1. Quick one: which of 436-447, 353-364, 458-469, 22-33 comes out on top by average Cβ neighbours within 10 Å, and what's the full order, highest first?
2. Assuming R0 = 30 Å, what is the FRET efficiency of Phe381 and Ile109, from their Cβ-Cβ distance, to the nearest 0.05?
3. Over the range 134-231, average the accessible area per residue using a 1.4 Å probe and give it in Å², no decimals.
4. What FRET efficiency, computed as 1/(1 + (r/R0)^6) with R0 = 51 Å and r the Cβ-Cβ distance, is obtained for Leu171 and Ser207, rounded to the nearest 0.05?
5. Rounded, prolate or oblate for the range 1-146? Axes are the square roots of the Cα gyration tensor eigenvalues, ordered a ≥ b ≥ c, and the cut-off for rounded is a/c under 1.5.
6. Could you work out how far apart the two model spin labels at Thr223 and Ile417 are, taking each label as a point 7 Å from the Cα in the direction of the beta carbon, and quote it in nm?
7. Over 23 Å between Cα atoms, which of Lys4/Lys313; Lys85/Lys139; Lys407/Lys469; Lys313/Lys469; Lys313/Lys407 qualify?
8. Starting from the amide H of Ala118, placed 1.01 Å from N in the peptide plane, find each other amide H under 5 Å away whose residue is 5 or more places distant or on another chain.
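The values are calculated or read from the model by the stated rules, or taken from the named source; none is laboratory data. Please read all numbers here as calculations on a predicted model, not as lab measurements. For neighbour counting, all protein chains shown are included, and Cβ atoms are generated from backbone atoms with ideal geometry for every residue, glycine included. The protein model used for the area step is the full one, side chains on, heavy atoms only, and it has no ligands, DNA or RNA in it. Shrake-Rupley method; radii C 1.70, N 1.55, O 1.52, S 1.80 Å.
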Amino acid sequence: MFDKLNNVVASSFIGRYFKLGNSGVPNARCTNFTTELRAGLATFVTMAYIISVNALVLSDTGGPCVCNSSTGDLCVNDPDYITCKTIVQRDLITGTAAISCIATAIMGIFANLPLALAPGMGMNAYFTYTVVGFHGSGKITYETAIAAVFVEGLLFIFLSIIGIRQWMTKLIPTSIKIAIGAGVGFFLTFIGLQRSAGIALISHDPSTIVTLGGCPEQYYNATTGICNGHNMESPTTWLGILGFLIIVTLLLFREEGNVRFDFLKNVVSFHPMEKTLGAMHFNIGTSDVWVALITFLYLDILDTTGTLYSMAKFSGFLDEHGDFEGSTAAFICDALSISIGSIFGTSPVTTFIESGSGITEGGRTGITSLTVSFFFFISLFFAPIFASIPPWASGPALVVIGAMMAKGIKDINWEYIVDAVPSFLTIAIMPLTYNVAYGLIAGIGSYIVINTFVWLIEKVSFGRISLDKSKKDPWGNFSFGPGGEGLAPPWFVPVVYKIRGIKRTEKIKESIEVMDVKEQTEINHDVVVDVDGKTE
């Protein structure tokens, strides 16, 4: 029955558009319709926690609620403010589900990639506790911060259209590119092991920062995050460990309290947004706003670039030039989602690393994304159920995915210390700072600094002190020409040809003439040019 369904869908317009296996289109992907549906379900289950967790984090800003307390307690004991904040949290549950549905659908339809999008973890914490502040105690109001996110999304779209974001990927050294995927894997593992979105196997410690957790609810201090004894006595932690063992075993054979419960008892309930929908104040003339906007921008560039690259590599989509089919559309979809998300009152939207769970299940096309989008749409009406999924139920899957993504570590160039150290820092900093972008900054920054020192030493010593670079990863192709655009942005090479008075078609023809038969066959599949009035 499933084979018949897969064949029918593959031969239809849907199968051809999404390039399903047996669809008969060039570059069809090794997957089928039912596999895509299963992959979409797997991705949604592992990231459904974002509906409640993102709302919980962002609601700490207080949203548009106004705190008029003069006691300095930031209205934590003000019943009117707390009531307003509760409405904001419900609004953000709806807003998170809505933008996740829309953004993921856009990615699936226009980029045809098995990637899911939602407001990013880490970025929402920066938005809440650094930009706006707890209960609006920061320098920027919630409405102004949301407006800054909207503008940042528009800038992002511009950078994506002209190719700067894709070009930045080529600037990342090979070993650091590999380390990104492994670092994201460790990041996922850290999420899956902690309390907010995992099985609570690790918890906070004032001396060592983290320690062994498994703390029962009655002994857990929510204010300090410290367990007052009784470690590893939490039944939910042990259920999570059991879930982890079940997942691993199946892979071998290829197969909040009373308030949350009261909300769950509603079963079907759509909460219309009352306070956060379109809550923007375009008062972006102050330096504090521009600092926040620029910070959002560069963190999003690095975070999204790293996540998209690692997911593309995990899917097997990367080509020899470090790019993947649909990359431009993917970057534009991601950027567009940021501005749309701000309308729903959320912090910047990004591609989720939990997409790796669907990829692990075999997802390779946009149908996986559309399946995830469908479940986010359903969650709008079943928010009490989906927002009540406990983190210890999805945490084990994140740990397993992290283990799978970490396998790329073996491909890092450990033989050359200048490649090895930045790659290691990339992996280590991501989970330790709870941010993909910071890991990239550490890796790329240390790579630049170390290589600059090496270059300076060699120049000052007139070559008498030099390194054996025979084991160094190849990086940087600054030549201009067919197949040699290297680090130039997509729009830059035609401009160079025009300045030089060289026709691009003539240059490509010249290159084809010196290629062997195999290379000619490959390039004829990829390049169509007009030479001497004929299409070749």
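1. Details: 436-447: 22.4, 353-364: 26.8, 458-469: 10.0, 22-33: 16.3.
Descending packing order for the listed peptides: 353-364, 436-447, 22-33, 458-469.
2. Numbers: r = 22 Å, r/R0 = 0.74.
For R0 = 30 Å, the calculated efficiency reads 0.85.
3. Working: 3940 Å² over 98 residues.
Counting only protein heavy atoms, the per-residue value for the range 134-231 is 40 Å².
4. On the way: r = 40 Å, r/R0 = 0.78.
My answer for the efficiency is 0.80.
5. Working: a/c = 4.38, a/b = 3.29, b/c = 1.33.
Taking the square roots of the gyration eigenvalues as a ≥ b ≥ c, the range 1-146 is prolate.
6. 4.9
7. In this structure, Lys4/Lys313; Lys407/Lys469; Lys313/Lys469 lie more than 23 Å apart at Cα.
8. Hits under the 5 Å cutoff: Thr350, Phe352.
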